[in-house]
Amino acid sequence: MWTVIYIAPTAKMAEMIKTKLAAEGFLVQTRPVNLSKQQFEISVPSGELEEVQEVLNSILHP
């Protein structure tokens, strides 16, 4: 089961977050939410949710 952890405002931001989370060893999926607004869901497996949230916070708030 995949859980959305973040909605990125741009494709570039989504790709940066995906790359950094993958470098930490997490499985990550991105998917466009609304093509007219260019928002992207970033999803991870539900079992990794807590660990991913810690890493995501350090990415978004260095």
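The values are calculated or read from the model by the stated rules, or taken from the named source; none is laboratory data. Note that the structure is predicted; figures quoted are calculated from it, not measured. For neighbour counting, all protein chains shown are included, and Cβ atoms are generated from backbone atoms with ideal geometry for every residue, glycine included. Accessible surface areas use protein heavy atoms only, side chains included; no ligands, DNA or RNA. Shrake-Rupley method; radii C 1.70, N 1.55, O 1.52, S 1.80 Å.
Of all residues in the stretch 7-46, how many are within 19 Å of His61 (Cβ to Cβ) and of a type in the set (Phe, Trp, Tyr)?
Qualifying residue count for the region: 1.
Filter the stretch 1-16 for residues that are in a helix (DSSP H, G or I), of a type outside the set (Asp, Glu) and in contact with a Phe, Trp or Tyr (Cβ under 9 Å, 6 or more places away or on another chain); which is least open to solvent (accessible area, probe 1.4 Å)?
Among residues in the stretch 1-16 that are in a helix (DSSP H, G or I), of a type outside the set (Asp, Glu) and in contact with a Phe, Trp or Tyr (Cβ under 9 Å, 6 or more places away or on another chain), the one least open to solvent (accessible area, probe 1.4 Å) is Ala14.
Go over the candidates Glu51, Glu41 one by one and state the one that is surrounded by 13 or more Cβ atoms within 10 Å (Cβ to Cβ), in contact (Cβ under 8 Å) with a residue 24 or more places away in the chain and assigned to a strand (DSSP E or B).
None of the other options fit; the residue is Glu41.
Kindly evaluate Val33 against the criterion of being open to solvent by less than 90 Å² (accessible area, probe 1.4 Å), touching a Ser or Thr at 6+ places or on another chain (Cβ under 9 Å) and outside any helix (DSSP H, G or I).
no
Quick one: in the stretch 17-30, of everything that is in contact (Cβ under 8 Å) with a residue 12 or more places away in the chain and either assigned to a helix (DSSP H, G or I) or of a type in the set (S, T, N, Q) (or both), which residue is surrounded by the fewest Cβ atoms within 10 Å (Cβ to Cβ)?
Among those that are in contact (Cβ under 8 Å) with a residue 12 or more places away in the chain and either assigned to a helix (DSSP H, G or I) or of a type in the set (S, T, N, Q) (or both), it is Gln29.
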